[in-house]
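Taking it in order: structure first as structure tokens, then the write-up.
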Amino acid sequence: MFETFPLWPQRASSMAGNVDALFIFLLALCGFMCIAIFIMILVFAARYRRTKGREAEQIEGSNALELTWTGVPLLIFLGIFVWGAVIYFMERTPPDDSAEIYTVAKQWMWKFQHLEGQREINELHVPVGRDVKMIMTSQDVIHSFYVPAFRIKQDVLPGRYTVTWFRATKAGTYHLFCAEYCGTAHSGMIGEVVVMEPAQYEQWLSGGPAAPLAETGKQLFMSLGCSTCHRFDTQGRGPNLVGIYGKPAELEDGRTVIADDNYIRESILNPHAKIVAGFKPIMPVFQGLVSEEQLNALLAYIKSLSQPPQGTAGTRNTPSTSPSGQQQMIQVQ
Amino acid sequence: MSNSPIVVAHDEHNPALRHHFADMEQQREASEMGMWVFLITEIMFFGGMFLAYIVYRYLYYPAWVAGSEHMDFWWGTINTVVLICSSLTMALAVRSAQVGQRKMLVMLLIVTMLLGCVFLGIKAVEYHGHWVEHQFPGPSFHFEGPDPQHVELFFSLYWAMTGFHALHMLIGVVLVGFIAFFGWHGKYGPDYYNPVENTGLYWHFVDIVWIYLYPLLYLISHRHLH
Amino acid sequence: MATVAVQTAERENYLNTEYGIRSWLLTTDHKRIALLYLLAITFFFFIGGFFALIIRLELLTPAGDLVQADTYNKMFTMHGQVMVFFFLIPAVPAVLGNFLIPIMIGAKDLAFPRINLFSWYLLMVGGVLMMYTILTGGVDTGWTFYTPLSTAFLNTHVVTAALAIFIAGFSSILTGLNFIVTVHRMRAPGMTWSRLPLFVWANYATSIIQVLGTPVLAISLMLVALDRVFHFGFFDPQRGGDPLLFQHLFWFYSHPAVYIMILPGMGVVSEIVTCFARKRIFGYKFMALALIAIAVLGFLVWAHHMFVAGISLYAGLAFSLLSYFVAVPSAIKVFNWTATMYKGSISYATPMLYAFGFIGLFTMGGLTGLFLAALGIDVHVTDTYFIIAHFHYIMVGGMVMAYLGGMHFWWPKISGRMYPEGWGKLAAMIIFVGFNLTFFPQFVLGYLGMPRRYWQYKPEFQVLNVLSTAGSTILAVGYLLPMAYFLWSMRYGKPAPDNPWNAAGLEWTTPSPPPTFNFEETPKVTWEAYNYDQIKEAPVE
């Protein structure tokens, strides 16, 4: 009748142990505090039960006690804060060489685009032991990408990219849930993360048909006419896009912004919001003319024009290189 | 604070004293404090819109400039002068009540109302102008120029902020009308004028909101007049 | 059954001074208005409770087989909206606060009695609009109204629900305004700030939050309505807006709102614990300051509801740190209540049982807040049943128990009758057991990963859900009992003396029930709060 009766979620990512450690510490600490207070109340209630002949003893207060039980909890809380903050920092800082997978959430399904070209719906295949960065956006309302076994969750917003990352540590199949209420079939917007041993993952990858994502992006770049203005020299009516990803861009109005995922996305959909210094606001508006998947492909292509190229899930973890490293890595696109 | 018993002979106190108060002093203090607290809630109410304005202006400044250029500078300036004058007449009306000048009080209140109506009339003219220029957000919105999406957002804020302000002005005009009516019937004098005072506070508050709205909406682009 | 002795009906009091529906609907007596509120919020409690019942019944099985998905979404939405805005926020302030604050400070009424009545009418208008929304198809945005779902992707009665809450919000604002001016300006001679009962301090702190926070909710809902009706683009990325702006505006109110809901309950507990331990409160100044600190700090933590929403890492750090600060004054209060019991003379009367329950369950709920303020943990448990358990421990285990405790404590004063003590104790215990069975399993469900607002769920979550539903049926029985015996007591209950508990506080110096103007003569206060050192006699058990 009942399938299983788990009381603890599986641990399948490098972060899971960290999160569980803090959780267990808090369980112990708060459990102890709870029990201490309950016992005190029960003891006082019993010991000082109203009896004839004994009056209550009036005690105004005690500044020493008040300061103690203000200061000690505060210190403990600050300790918990730091611990939680360290975990959060790790959770929100994808390693530099993470493999990237693009996610498009929509009512009520998850669509994934691997850089190698595979597309999946509601199922996500990843290899064990590889850092994977999810670059996510929504086609409609706010959703949330939640894999309990990995202890990660990140809201997926319309109109911009949000990012989360994980490193799976155990092969297996794990629940994927949408965790931000998104309408009728919110509880049906679920799927599975299939973590495979590297060999099986390679096999799964090679079974796929499509061209790498950046290649698709390159085709779009040409067919949509982007290459007309965004030439690879300085003669174009638009900025040269080689090497811009991740670097500062100076704008017409004097501001400087980093050319990150959201910047590139915005520049395609609403180019006049941020004009690069020295260029005119003549780029056509592509909002409504490209789908989220196409945007992802274009983004992957533009990122591939910067060095070093972003890793894919199929390549193995290489020794760390600096972001602007000169080392040539295996070019997949 | 008085500790007199509840039952007071009726010819011993001001007819305007409400019986749960000990004396007129307490009633006046309570009434004034109540109005100030209410105005604080109004600040928080408008504050939400001001926050939205600040955030989006920071993000989309060029669109804000473009939107502001489509405001009618002259109507906005005239309206600002009108409101400031109305605050003057309102303040003078409060003073008239304080010194017991009934006719002056009513006249000043009526002038205040008229100035308020002038403001609302000018706003109606402006709104009509924006409407026919397709500057009302929604399916009918149309803007020639870069980044129409965020110019539309500017106009959304324009209509919402000035719209709520105009609603408060309208309520204010009605309130002043009531006070003028009661004032004509001699209800206010040196020993009881705090409804006039409180109405004055409300009126000044609505005026101050406009004084913030005016530069934020009308005066952005004039920095860019070459 | 013998009829009650005649003498209770003779003395003129606020209940019998005038009869007829007009005398109630046009009353300006704060005590009558409190009863009007009591009727209203009790009605809404059962409406909200009905939705909860449907939710728990649906969740007995993993499949969605009781109601359709859309219906379920409406159930949790309206459960939240009705319970938060039409029950929890008004309950203690508008019922107990309205009734007691003027009497506790020695005044004849609140500063603005007509505005008080107007506040009730506002709640009723909002309530009628809410009922209209419910009866004509409901709303399914979630009580949090997140955009762009609520502005551009739903076909239900979003605007009427938003308007209903908007109007109810003004009821709340005016009540807060009334209380602030009353406490500042209407205290009797000798009733200095440092002699005020903590119940008054608690409602004062609550009123500050109501006055500063609720208008921001009002404008947020207005902007949602404008987005929806006129297609303005404040929160819609398709039209240049930002959905996160809505969340900031919404939570700027809705976090302090939870303190609106709990602070009055804390005030009630201070009154009960001192009375039934026969002791002055331990650390009066710290207790009063803690209330103010919670009110102020509560405004600085809103984005801890948004750690995974897409805010920057640094914003997350800031709000996490601030959230730990706001936890400290709550902890202080729990310690002080416990210390108040030390060497007291403790009775186990029903109000005290509810106070025990409050302290225990509020402590549990509050401690789980420490889990949530920890960024690394929150990422995993936010938007899951862990959150639901956390806030129900505080709202229901804390607030509703405090409310019931207060109702039992002051029932003799309000109605002139005693409730049946045996039934009172029984109901309190049933509620305690039912509550824990309902909500403790939800902590486990949350950490396991069951998201909230799920109509159907994975089969491995079923056992815990069944336990939770079982608990909720027990809880429902527990709630029905006081309804029944309070009603019974109005006709058959023992007539109450002026001070059945021998409690401190000006309200106990008036008759039960009090006359319309509360006091024969304005009191002159020369004693400190909780002067149990002077009140020697404890009531016979």
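Here are the numbers:
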| item | result |
| --- | --- |
| Within straight-line cross-link reach of B:Lys123, aspartates and glutamates at Cα separation under 12 Å, skipping those fewer than 8 residues along the same chain | B:Asp72 |
| Accessible area of chain C belonging to carbon and sulfur atoms, whole % at 1.4 Å probe | 70 percent |
| Chain pair C, B: total accessible area buried, heavy atoms, 1.4 Å probe, Å² | 3600 Å² |
| Gyration tensor (alpha-carbon) shape descriptor, region B:1-128, a/c threshold 1.5 | oblate |
| Packing-based ranking, highest mean first, of A:46-56, B:145-155, C:286-296, C:55-65 given that Cβ atoms within 10 Å are counted | B:145-155, C:286-296, C:55-65, A:46-56 |
| Where chain B is the region considered: accessible area per residue in Å², 1.4 Å probe | 46 Å² |
| Choice from B:Gly116, B:Gly67, B:Gly34 showing the highest fluctuation, given a GNM over chain B with Cα pairs closer than 10 Å | B:Gly34 |
| Share of carbon and sulfur in the accessible heavy-atom surface of region A:139-209 [1.4 Å probe, %] | 50 percent |
| Sequence-separation-based contact order of region B:45-218, relative, with Cα cut under 8 Å and 6+ spacing, percent | 35 percent |
| Chain C: calculated mean residue ellipticity at 222 nm from DSSP helix runs of at least 4, using -39500 (n - 2.57) | -21500 deg cm²/dmol |
| Added length on full extension, which subtracts the Cα-Cα distance from 0.36 nm per residue, A:Glu252 to A:Ala46 | 66.6 nm |
| Estimated 222 nm signal from helices in chain A, with DSSP H stretches of n ≥ 4 weighted -39500 (n - 2.57), rounded to 500 | -10500 deg cm²/dmol |
| Most mobile of B:Trp75, B:Trp131, B:Trp159 in a GNM of chain B (Cα contacts under 10 Å) | B:Trp131 |
| Between A and C, accessible area buried - total, square angstrom, nearest 100, 1.4 angstrom probe | 8300 Å² |
| Among A:Asp253, A:Asp155, A:Asp261, residue whose mean-square fluctuation peaks in a GNM of chain A (springs only between Cα atoms under 10 Å) | A:Asp253 |
| Residue-normalised accessible area of region A:136-283, expressed per residue, 1.4 Å probe, Å² | 40 Å² |
| Delta accessible area of at least 50 Å² on complex formation, residues of region B:49-65, 1.4 Å probe, chain isolated as reference | B:Tyr56 |
| Cα gyration tensor, the protein assembly as shown - rounded (a/c under 1.5), prolate or oblate | oblate |
| Exercise: per-residue mean of other protein chain Cβ atoms within 10 Å, C:444-450 | 6 |
| Burial of 40 Å² or greater, region C:371-414 residues [accessible area, probe 1.4 Å, versus chain by itself] | C:Phe371, C:Leu375, C:Gly376, C:Ile377, C:Val379, C:His380, C:Asp383 |
| Apportionment of accessible area to carbon and sulfur, chain B, percent (1.4 Å) | 70 percent |
| Under 28 Å from A:Lys111, Cα to Cα: lysines that are on another chain or at least 8 residues apart | A:Lys133, A:Lys153, A:Lys170, A:Lys218, A:Lys303, C:Lys74, C:Lys458 |
| Cα gyration tensor, region C:212-266 - rounded (a/c under 1.5), prolate or oblate | prolate |
| Added length on full extension, which subtracts the Cα-Cα distance from 0.36 nm per residue, A:Thr68 to A:Ala211 | 44.9 nm |
| Residue-averaged [θ]222 nm for chain B, counting only DSSP H segments that reach four residues, each worth -39500 (n - 2.57) | -26000 deg cm²/dmol |
| Rg over Rh, two decimals, region C:2-534 (C-alpha only, Kirkwood Rh) | 0.96 |
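The values are calculated or read from the model by the stated rules, or taken from the named source; none is laboratory data. Bear in mind that the values here come from a model prediction, so they are computed numbers and not experimental data. Note that each Cβ is placed from the backbone with ideal geometry, even for glycine, and that neighbours are counted across all protein chains shown. Just the protein is used for accessible areas: all its heavy atoms, side chains included, with ligands, DNA and RNA removed. Shrake-Rupley method; radii C 1.70, N 1.55, O 1.52, S 1.80 Å.
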